[in-house]
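Shown next, in structure tokens, is the structure this report addresses.
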Amino acid sequence: MIRKTTIAAVLAVLIFASTAASQERPAMNLTLEEAIAKALKNNLNVAVEMFTPELAGHSLDRAREAFLPSLKMTYGNNRNENPSYWWLSGSGTNIDRMANYAVSVVEAIPTGGSFSLSLQNYRSETNQAFQLINPRYGSTLQMDFTQPLLKNFGPKVARRQITQAQAGVEIADSQLRNTMIETVYLVQEGYWNLVFAVESFKVKEKSLQLGKDLLAKNRKEVEFGQLAPLEILNAEAAVAQREADLIQAEFLITRSEEVLKSMLNLAVEGGGQKFRLVPTDRPAAAAEAKPSLDSALAAAREKRPDLAILRKTIETKELAMAVARNQMLPGLDLTLSYWSPGISGDRLLYDGNDFFGGTVIGKVPGQASDALRDAFKMLYSNWNVGLTLTVPLSTFMTRAELTYARADLSQSQVRLQASEQQAELEISDAVRSIEANAKRAEAYKLARELAEKSLEAEVKKLAVGLSTNYFVLDYQEKLANAQSLELKSKIDYVLSVERLEKAAGINLEKRSFKIGG
């Protein structure tokens with residue numbers, strides 16, 4: 001008896017110390033919606049996933065850059081000095097100088113071809129004989145157009161990088177949405193677990209108080225000789241057991257609070273970890289209306305981000321197969337070119353117009369701008385049209401790329417079917433769980449009411465000597481269990497409703513949370 005009394009005292013001290021420590025921390029009252037908002041703002045998993053759409057957007061911008069024009073500028077200057085090796089070039093040393101510079105603009109077009117516009121200029125000077133213009137200036141304005149007619153033809157092939165990047169943006173948004181949906185449900189689960197822990201503590205605390213009241217009553221009866229000392233042993237044992245249960249309930253509160261805090265990441269708000277979370281919401285009663293299975297399935301097909309990701313993935317696989325099929329075609333490339341040259345410089349004048357043996361007696365000066373002007377005037381028209389046919393042997397020998405793309409597409413289609421079946425199963429289970437938990441909640445409510453009445457009747461019987469401590473303590477225990485089961489069934493019902501919202505992909509829309517701007 002001394003040992004039991006000592007154990008009870010130690011347990012009471014531990015309960016008091018634990019409760020006092022928790023009361024020292026300031027309380028943070030928190031509704032479920034506030035907890036969800038904090039999690040979506042602070043949760044590290046959500047924060048990491050927030051970067052994914054931004055990165056996908058940068059990839060899209062990079063893919064679009066392929067159709068931006070590119071500017072190319074070149075400059076060269078060289079001097080060649082060689083001994084004369086034939087009589088027409090004269091005797092001595094031949095010195096040739098050439099300076100050239102060009103600017104061109106090249107742009108890819110959505111049909112798979114490319115267009116370029118270039119302006120080339122040069123200045124040439126030599127000491128060799130028999131020159132008509134020296135130094136000489138030249139300018140050429142040239143336009144080139146190339147277009148694949150079979151392989152690599154068309155916007156689908158030419159813009160495939162952009163199309164894939166656009167799909168990547170949508171997939172990234174869906175991935176972020178999926179993370180947020182999962183986070184919302186985990187917060188809901190953590191919040192209701194904390195609610196259960198708090199309410200369960202209250203139930204056990206009340207049960208302990210009932211045991212203590214009965215023990216105090218029994219001790220007085222023993223003191224006045226109305227009850228044998230052995231009769232209080234059951235009450236003392238029950239009180240000791242309930243005190244141990246209360247310590248376990250206190251630990252469950254602390255653990256549930258830590259789990260919820262880790263989801264909310266309150267550390268980023270400064271001092272959030274020092275607060276004691278106090279959930280203010282309580283589970284609502286089960287609704288009379290049953291959820292519609294067909295409506296939930298329709299919402300899941302439209303809203304679930306994992307299904308959206310798979311559908312968008314299938315689109316990219318279909319594009320990959322179309323490109324692979326195109327790559328099996330032979331290459332037939334059309335090239336069109338048009339260029340306009342202009343030449344100017346110092347025109348040399350020979351004595352007697354004798355270009356072979358005469359002496360240079362003067363020159364008519366020319367400018368580089370004259371050559372540039374003639375090039376833009378299109379004085380000399382030149383054009384070229386060409387077709388190039390390329391037939392790679394792989395067209396006849398292997399179809400590995402096309403075969404791979406076809407198998408890859410088939411795998412994604414089967415994966416989508418499997419995911420749709422899994423979604424249907426999750427929703428069906430959630431709907432059945434809602435119906436079952438609603439009935440459980442009603443049944444446990446009735447059981448708790450009957451347990452209350454039974455305990456009340458047993459206490460009255462004990463007062464008139466028609467019962468014993470054993471039966472009263474037993475009914476107290478049954479009432480505590482009934483209260484805990486009723487609370488658990490209510491929370492299970494709420495969680496099953498929230499699980500259905502998660503399975504249907506609508507728990508964000510119900511709270512008006514949006515992704516991006």
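Odds and ends about this structure:
- From the options LEU334, LEU349, residue that is open to solvent by 30 Å² or more (accessible area, probe 1.4 Å), more than 30 Å from GLU401 (Cα to Cα) and in a strand (DSSP E or B): LEU349
- GLY76 vs. criteria within 30 Å of ALA99 (Cβ to Cβ) and of a type in the set (Gly, Ala, Ser): yes
- For segment 67-107, filtering for residues that are at pLDDT below 90 and open to solvent by less than 60 Å² (accessible area, probe 1.4 Å) leaves 8.
- Pairs where the first residue, in segment 458-484, is more than 30 Å from ALA441 (Cβ to Cβ) and the second is among the β-branched types (Val, Ile, Thr), C-beta under 9 Å, 6+ apart: LYS461/VAL472; LEU462/THR468; LEU462/VAL472; SER467/VAL459; ASN469/ILE232
- Of all residues in segment 470-492, those being touching a Pro at 6+ places or on another chain (Cβ under 7 Å) and either closer than 14 Å to PHE201 by Cα or not basic (Lys, Arg) (or both) number 1.
- Flag if ARG159 is under 25 Å from TYR75 (Cβ atoms), among the charged types (D, E, K, R) and either without any contact (Cβ under 8 Å) to a residue 60 or more places away in the chain or surrounded by 16 or more Cβ atoms within 10 Å (Cβ to Cβ) (or both): no
- Looking only at segment 22-33, and only at residues there that are modelled with pLDDT under 90 and part of a helix (DSSP H, G or I), the one that is nearest to PRO305 (Cα to Cα): SER22
- Summed over segment 284-300, residues that are at pLDDT 90 or above and either open to solvent by less than 40 Å² (accessible area, probe 1.4 Å) or part of a loop (DSSP other than H, G, I, E, B) (or both) total 4.
- Pairs, first part of a loop (DSSP other than H, G, I, E, B) in segment 354-378, second open to solvent by 80 Å² or more (accessible area, probe 1.4 Å) and at pLDDT below 90, C-beta under 7 Å, six or more apart: GLY358/ASP351; THR359/ASP351; GLY366/ARG347
- Of all residues assigned to segment 301-310, none qualifies as being assigned to a helix (DSSP H, G or I), open to solvent by 30 Å² or more (accessible area, probe 1.4 Å), β-branched (Val, Ile, Thr) and at pLDDT below 90.
- Candidate set from segment 330-364 (those that are acidic (Asp, Glu) and modelled with pLDDT of 75 or more); member that is nearest to ALA99 (Cα to Cα): ASP346
- Candidate set from segment 222-279 (those that are of a type in the set (Lys, Arg) and in contact with a Pro (Cβ under 9 Å, 6 or more places away or on another chain)); member that is modelled with the highest pLDDT: ARG276
- Boolean, GLU501 is of a type in the set (Asp, Glu) and either open to solvent by 80 Å² or more (accessible area, probe 1.4 Å) or touching a Leu at 6+ places or on another chain (Cβ under 8 Å) (or both): no
The values are calculated or read from the model by the stated rules, or taken from the named source; none is laboratory data. Just so we're clear, the structure is a prediction, and the values are computed from it rather than from any experiment. Note: ideal-geometry Cβ built from the backbone for every residue, glycine included; neighbour counts use all protein chains shown. Accessible surface is based on the protein model in full, side chains and every heavy atom, while ligands, DNA and RNA are left aside. Shrake-Rupley method; radii C 1.70, N 1.55, O 1.52, S 1.80 Å.
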